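S.K.: This is the structure, below, for whatever I ask next.
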Amino acid sequence: MKRILLAFLAGCFVLGTNAQSFTDDFESYTAGDMLAATSSDWETWSSPNGGADDVAVSAANAHSGSNSVYFASTATTGGPTDLVMPFPGELEVGQFNLEMWLYVNAGTGAYFNLQEAAAIGTAWAADIYFLDGGLAQFTSGGSLLLSASYPEDAWFKLRMENNLSTNTWEIFIDDVSQGSYANGSTQIASIDIFPLTGNQFYMDDFSYEFTDYVIPNLNGAVVSIDNMSGSLAGQTATPSVVVRNLGTTAITSFSVMVTYNGESFTQDINAVNIASLAFYTVNFTDSYTLLAGTNDITAVMYNINSVANDDDTSDDTKILTLNPIVPAAGKAVVAEEGTGTWCPWCVRGAVFMEELSTRYGELYIGIAVHNADPMTVTAYDTPMAGLINGYPSGVVDRGPEYDPSQFEIPFLERIQVAPKALIAHGGTWDATTRELNISSTVTFQENVSGNYKIAFVLTEDDVTGTGSSWNQANTYAGGGNGDMGGYEDLPNPVPAAQMVYDHVARFLAPSFNGVPNAFTGAMNAGNTSTFNTTAILPTDWDENNMHIISMVIAPDGTIDNAFSCTIDEAVAAGFVSGTAITSVDNLASNNVEAVIYPIPANDVCFIDIDLTNNSDISIEIYSADGKLMNSKYYGQYTGMYHLPVNTSSWSAGVYKARVIINGVAHAYTIVRE
């Protein structure tokens, strides 16, 4: 049965005039009915009347009665099922409670989101994930706000009690409170139920209830304490407090006090004019060092319009319980994002990559892997494209695919995982030849076995270019798709002269998957191995804006650990000799891809070069002490060319080859056994 109840409130001044509720147990339908096409209440993302993204009523499994709704992704990008229930308008004040019963098949997952605006796709107020393994995550704007456990292969009740007026959201699973939080958005307009890739779940006994807010005369409320959640133990955090006028009288002055770990900071706000239902953000300049463990931070709003107590003191205080994540010792997390200047949504990736890099510093290693634009490194882009289903999208430590706006969620999970290996860098840099020699020393923290690999990456910040191919497509222009780090104020496309690209992948050695079985000796706790690679930096790369990254890749393909530093930091640490790793050198400016084999060589080795344009090729061979042994001009070639190098007369050891293509040198290492 389903019902809609409309009730009317009387008495005090009321925002709106009604309270509403809705429930659907799906028993009024016949199994096999397409829900949105049959119902006058349910819709789909594409249409109020259903369509290709409609969902069928199922009699296979139900919490009550015979029927439920079954969601299963059949497309590589999730869906296509995409069910929507509009709420009674764009709700920004009042009490909104949402309840449903879910059954998530083991080994799969479930997902839904709350849309902020009536126009679907404008902005997401909240994203709720039920992950494989029984972990539920409640997020907003890519920030993880609450985690909870849920039972797989069993029906459970989810209830969200959301006070939109004071921005207090409390989560219940099977009637047990899992905690409360301040959401990133205080407005909701609909629920969108969409099975992500691999999801399989049932929903039954869906309901919501909404009660309007009765507005008093003078009432200020603290609605959130920002910039504190999501931070790590040991980091400093500077709070900002969002207050709201929940009265009919304008607020012209007030004070806010924030207390954490016994230390209080106060700000007095005067000469303001906060209209009824409007928000105001108080940005503090003092910072707290976050403590490991559970501790409360409290914000109190008082002295509102110089009155000792406003008309509702219950919402003057907000308490946020912090339990900062403690990073595993020596752990850093790699986020690889597929992007391109042609991609109109990819500015979202740029914004969130920079935000996380700023927030988490050296613990977060962002790599922007460009596709089909002047910054493309084919040897990186091609395998990266095999891990994602669209742009922008990416992986964190080579785990499941995420939108870059959601990277913080897997980052916070992975930063807690103790790495098997720790990494340290060293290097030398010759400003004249622009030769960069890198050493990566790996020390295992425990006994391991299997095919562990190592790979090197160079990234560059503040990259600019000229010409139309450097223009950035921008679907956020004009603000129609919401705010996005200032891109809403820029045109579509953003001219190259206004674009600066960060975290740009420039160099890869030896390949995306790394050197197989790199650690040939015992991999026991305390054992170390050192690897070397060499890169000749083109003159249009700024060595002062580059980062050296090395990654230890586990046998399952995930990244166990990584390390990043600047060239100056590597040089200061000092170069350490070790096993030479040759590069797959694919410099975007010359469209060159090459790989060297076999390693080690006996009488001959080959450098395979894939040239998209007709190019001049020459080679120089240097001994380990830097003496020129041989040089040769090979002429002009296009396409794949097998460049032979005769090593039969060489002594055993390590040699350097400089392949010069159209005047640009590419460095490789050849090992003679």
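S.K.: Give the residue, chosen from G521, G479, that is at pLDDT below 95, surrounded by fewer than 21 Cβ atoms within 10 Å (Cβ to Cβ) and either among the hydroxyl-bearing types (S, T, Y) or within 26 Å of K656 (Cβ to Cβ) (or both). Let's see the steps before the verdict.
M.R.: Values: G479 fails: either among the hydroxyl-bearing types (S, T, Y) or within 26 Å of K656 (Cβ to Cβ) (or both).
Going through G521, G479 in turn, just one is at pLDDT below 95, surrounded by fewer than 21 Cβ atoms within 10 Å (Cβ to Cβ) and either among the hydroxyl-bearing types (S, T, Y) or within 26 Å of K656 (Cβ to Cβ) (or both): G521.
S.K.: Is there any pair with a first residue in the stretch 162-181 that is under 17 Å from Q137 (Cβ atoms) and a second that is outside any strand (DSSP E or B) and among the aromatic types (F, W, Y) whose Cβ atoms are under 7 Å apart and which are 6 or more apart or on different chains, and what are they?
M.R.: These pairs meet every condition: I173/Y150.
S.K.: Against the condition modelled with pLDDT of 95 or more, out of contact with any strand residue (DSSP E or B) (no Cβ under 8 Å at 6 or more places or on another chain), surrounded by fewer than 19 Cβ atoms within 10 Å (Cβ to Cβ) and not hydroxyl-bearing (S, T, Y), how does N451 come out, does it pass?
M.R.: Values: modelled with pLDDT of 95 or more: no; out of contact with any strand residue (DSSP E or B) (no Cβ under 8 Å at 6 or more places or on another chain): yes; surrounded by fewer than 19 Cβ atoms within 10 Å (Cβ to Cβ): yes; not hydroxyl-bearing (S, T, Y): yes.
Taking the combined requirement at face value, the residue does not satisfy it.
S.K.: Which is without any contact (Cβ under 8 Å) to a residue 24 or more places away in the chain and either charged (D, E, K, R) or not assigned by TED's automatic domain parsing to the domain that holds T139 (or both), of Y402, Y452, Y380?
M.R.: Numbers: Y452 fails: without any contact (Cβ under 8 Å) to a residue 24 or more places away in the chain; Y380 fails: without any contact (Cβ under 8 Å) to a residue 24 or more places away in the chain.
On inspection, the qualifying residue turns out to be Y402.
S.K.: Strands (runs of 3 or more DSSP E) wholly in the stretch 121-166 with at least 1 residues that are at negative phi, at pLDDT below 95 and not hydroxyl-bearing (S, T, Y) - which ones?
M.R.: Working: elements: 124-131, 135-140, 143-149, 155-163.
Where strands (runs of 3 or more DSSP E) fall fully within the stretch 121-166 and carry at least 1 residues being at negative phi, at pLDDT below 95 and not hydroxyl-bearing (S, T, Y), they are 124-131, 135-140, 143-149.
S.K.: Follow-up. Can you tell me which of (1) surrounded by 16 or more Cβ atoms within 10 Å (Cβ to Cβ); (2) under 26 Å from E401 (Cα atoms); (3) at pLDDT 90 or above is the one T558 doesn't meet?
M.R.: So the condition that T558 fails would be (1).
S.K.: Now for a separate question. For P327, only one of the following conditions fails: (1) assigned to a loop (DSSP other than H, G, I, E, B); (2) over 21 Å from S143 (Cβ atoms). What is its number?
M.R.: Only one criterion is unmet by P327, namely (2).
S.K.: While we're here: If you take the residues in the stretch 370-412 that are among the aliphatic types (A, V, I, L, M) and in a helix (DSSP H, G or I), which one is surrounded by the fewest Cβ atoms within 10 Å (Cβ to Cβ)? Talk me through it step by step, then tell me what you get.
M.R.: Going through the stretch 370-412, the residues among the aliphatic types (A, V, I, L, M) turn out to be 372, 375, 377, 379, 384-385, 387-388, 395-396, 409, 412.
From the residues that got through so far, the ones that are in a helix (DSSP H, G or I) too are 379, 384-385, 409, 412.
Details: A379: 23, M384: 23, A385: 16, I409: 21, L412: 21.
Looking at residues that are among the aliphatic types (A, V, I, L, M) and in a helix (DSSP H, G or I), I get A385.
S.K.: Test of understanding: among T339, T281, which residue is out of contact with any Asp or Glu (no Cβ under 6 Å at 6 or more places or on another chain), crowded, with 21+ Cβ neighbours inside 10 Å and under 30 Å from A477 (Cα atoms)? So that I can check it myself, show each step before the final result.
M.R.: Values: T281 fails: crowded, with 21+ Cβ neighbours inside 10 Å.
Selected residue: T339, the only one of T339, T281 that is out of contact with any Asp or Glu (no Cβ under 6 Å at 6 or more places or on another chain), crowded, with 21+ Cβ neighbours inside 10 Å and under 30 Å from A477 (Cα atoms).
S.K.: Looking at the stretch 194-225, which of its residues are modelled with pLDDT of 95 or more, among the aromatic types (F, W, Y) and not in a strand (DSSP E or B)?
M.R.: Listed by number, the list holds a single entry, F194.
S.K.: Within the stretch 136-155, can one find any residue that is over 30 Å from R244 (Cα atoms), among the hydrophobic types (A, V, I, L, M, F, W, C), in contact with a strand residue (DSSP E or B) (Cβ under 8 Å, 6 or more places away or on another chain) and surrounded by fewer than 18 Cβ atoms within 10 Å (Cβ to Cβ)?
M.R.: Yes: the stretch 136-155 contains one or more residues that are over 30 Å from R244 (Cα atoms), among the hydrophobic types (A, V, I, L, M, F, W, C), in contact with a strand residue (DSSP E or B) (Cβ under 8 Å, 6 or more places away or on another chain) and surrounded by fewer than 18 Cβ atoms within 10 Å (Cβ to Cβ).
S.K.: Condition check: of a type in the set (A, V, I, L, M) and under 30 Å from N481 (Cα atoms). Does V300 satisfy that?
M.R.: Values: of a type in the set (A, V, I, L, M): yes; under 30 Å from N481 (Cα atoms): no.
For V300, the condition - of a type in the set (A, V, I, L, M) and under 30 Å from N481 (Cα atoms) - is not met.
S.K.: Restricting attention to the stretch 398-426, which residues are farther than 15 Å from P327 by Cα, under 8 Å from the mean Cα position of the chain (by Cα) and of a type outside the set (A, V, I, L, M, F, W, C)?
M.R.: Hits for the stretch 398-426 are Y402, D403, P404, S405, Q406.
S.K.: Of everything in the stretch 583-605, what is closer than 28 Å to A372 by Cα, surrounded by fewer than 19 Cβ atoms within 10 Å (Cβ to Cβ) and at pLDDT 70 or above? Give them in sequence order.
M.R.: Within the stretch 583-605, just Y597 meets the criteria.
S.K.: Check A233, A221, A271 and return the single one that is free of Cβ contacts under 8 Å to residues at least 60 places away in the same chain and either crowded, with 19+ Cβ neighbours inside 10 Å or among the aliphatic types (A, V, I, L, M) (or both). I'd like the intermediate steps shown before the answer.
M.R.: Details: A233 fails: free of Cβ contacts under 8 Å to residues at least 60 places away in the same chain; A221 fails: free of Cβ contacts under 8 Å to residues at least 60 places away in the same chain.
Unique residue meeting the criteria: A271.
S.K.: May I pose another question? Test T466 against the criterion of being hydroxyl-bearing (S, T, Y) and farther than 30 Å from C346 by Cα, and give yes or no.
M.R.: Details: hydroxyl-bearing (S, T, Y): yes; farther than 30 Å from C346 by Cα: no.
Spelling it out, it is not the case that T466 is hydroxyl-bearing (S, T, Y) and farther than 30 Å from C346 by Cα.
S.K.: Please go through the stretch 73-91 and pick out each residue that is modelled with pLDDT under 95 and either surrounded by fewer than 18 Cβ atoms within 10 Å (Cβ to Cβ) or not in a loop (DSSP other than H, G, I, E, B) (or both).
M.R.: T74, A75, T76, T77, P88, G89
The values are calculated or read from the model by the stated rules, or taken from the named source; none is laboratory data. Keep in mind the model is a prediction, meaning the values are calculated, not measured. Here Cβ is always computed from backbone atoms with ideal geometry, including for glycine, and neighbour counts include all displayed protein chains.
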